[in-house]
Every structure is written in C-alpha cells, then in structure tokens.
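One structure is given below, encoded as structure tokens.
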Amino acid sequence: MSTSNRWITGFNYFMMILFLLAAGFQYNDFDATAWIITYSTAALACILWRWTSISRFLFALLSLVCAVWALYLLIIHGDQLSWDGMFNSIQMQNNSIEIIREAGGLFIISCWSAVLFWNPRQ
C-alpha cells in the first residue's frame with residue numbers, strides 16, 4: 001500500500017467516525033430523518049470504499065448529489081442567508097445558520113466522496 005493510500009485510508013476512518021457522529025447529533029432536528037440518512041450514507045460510503053470493491057462511480061454520484069443539494073439549499077434560501085452568526089455560536093440562532101451549516105455538511109460529504117472516487121482502493 002502506498003503512502004498516499006495509507007493516508008487516505010486513515011483519514012477515511014476519521015471521516016467515517018465524523019459522519020456517524022453527525023448522524024447522531026441530528027436527533028433533535030425537526031428534519032432529523034433526512035439528515036440521519038444523509039450522514040449515515042456518507043459513513044456507509046467510507047465503509048464500502050475500505051472493505052469492498054464497489055464501483056467508483058457510486059462515490060462520484062454521491063459527490064454530485066450532495067454538491068447539487070447544497071447549492072440548491074443556498075440558492076433557494078439565498079435572500080435569507082446571513083453568514084455573520086455561523087461560527088459565533090454553537091446554538092442554532094435562526095434558520096439562516098441552519099441552512100448554511102446543512103449546506104456545509106453536504107459540501108464536506110461531496111468533497112470526501114470525490115476524494116474516494118479519485119483514489120480507488122488498491
């Protein structure tokens with residue numbers, strides 16, 4: 001296994017745990033089911049990349065779907081978004097902050113799925 005593949009494998013474990021934690025933190029959200037499924041799917045992608053020889057194009061599909069979903073959220077709520085409070089508080093102060101954070105989570109899934117697509121497991 002090459003050094004870069006070891007790095008990606010190690011970081012893949014980290015991302016899998018991160019996605020599982022994100023799914024767990026959704027329990028009190030009003031639309032929890034959608035986000036639990038989304039983050040669980042991202043964690044499953046990490047597992048599948050590591051332990052199966054699944055088609056790489058499924059990672060590309062996940063990346064594309066999450067990127068489009070994130071852009072869609074930002075576009076349809078663009079007039080409501082305020083980036084000021086996003087990092088100022090852990091609490092969800094308004095809907096704008098929640099939408100920005102949801103889009104951010106989708107972009108993280110999209111980026112990591114793209115990494116898995118471009119780095120097939122040897």
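Here, each number is a calculation from the coordinates, and none is a lab measurement. What you see is a predicted model; the values in this text were computed from it and never measured. In this analysis, Cβ positions are derived from the backbone assuming ideal geometry, glycine residues included, and neighbour counts consider all displayed protein chains.
Remarks
- Approximate spin-label separation Ile75-Asp29, in nm, with each point projected 7 Å along Cα-to-Cβ: 2.1
- When each of the peptides 28-41, 105-118 is scored by the mean number of other C-beta atoms lying within 10 Å of its residues, the order from highest to lowest reads 105-118, 28-41.
- Sites Trp51 and Arg101, calculated FRET efficiency, Cβ-Cβ separation with R0 30 Å, nearest 0.05: 0.50
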